[in-house]
Every structure is written in C-alpha cells, then in structure tokens.
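The values are calculated or read from the model by the stated rules, or taken from the named source; none is laboratory data. What you are looking at is a predicted structure, and each value in this text was computed from that prediction instead of being measured. As a convention, Cβ positions derive from the backbone with ideal geometry for all residues, glycine included, and neighbour counts pool all protein chains shown. What goes into the accessible areas is simple: the full protein's heavy atoms, side chains included, and nothing from ligands, DNA or RNA. Shrake-Rupley method; radii C 1.70, N 1.55, O 1.52, S 1.80 Å.
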Amino acid sequence: DTSKQSPMELINEVPPIKVQGRVVACEGDNDPALGHPIEFICLDKDEPATCKYCGLRYLQDHHH
C-alpha cells in the first residue's frame, strides 16, 4: 500500500537508471510542465548519483 509510504520511500524503490555517458541531464519528467529545472549530474563515482530535485538516481553503465 503506497499510501503509507513517504515520497522518499517511494522514490527509493525506483532502481538507479543506467546511462551511457559521464553526465546525465535530469528534468524529473518528460513533460516540462511536470518536471523541475534541468540538473546536470556527473556520474564519475561508482555509486549512483542522486538528483537534488526529484531524488532519481543515475548510474553510469560501463561497457567493456
């Protein structure tokens, strides 16, 4: 039952989004009316990086 969870608990259930590059641009939603200001996030670390606006996490997908 998601009605008993906080917004942060709900967003933490979303797995980190894997991306190819070293930098990702998060807007919170594909629809600009529903998103937030664009946030460029550097993915140089091994752990997921978190958007300061919406809490989505991103991880660089290393292909070797």
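One table, with the values for the structure above:
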read-out	value
Aspartates and glutamates whose Cα lies under 18 Å from that of Lys45, excluding same-chain neighbours fewer than 8 positions away	Asp61
Solvent exposure ordering (accessible area, 1.4 Å, most first) of Leu56, Leu10	Leu10, Leu56
His36 - accessible surface, heavy atoms, 1.4 Å probe, Å² rounded to 10	40 Å²
Computed lengthening from Glu13 to Tyr53, 0.36 nm per intervening residue step minus Cα-Cα distance	12.7 nm
Per-residue SASA entry for Lys52, accessible area with 1.4 Å probe, Å² rounded to 10	140 Å²
Cysteines, the chain, no other Cys beta-carbon under 4.7 Å	Cys42, Cys54
Descending semi-axes in Å of region 7-60, equivalent ellipsoid built from Cα gyration tensor	18, 14, 9
Exposure rank, largest accessible area first [Asp46, Asp29; 1.4 Å]	Asp46, Asp29
Signed unit charges on C-beta, dipole axis of the chain, positive-most listed residue Pro32, Leu43, Tyr58	Leu43
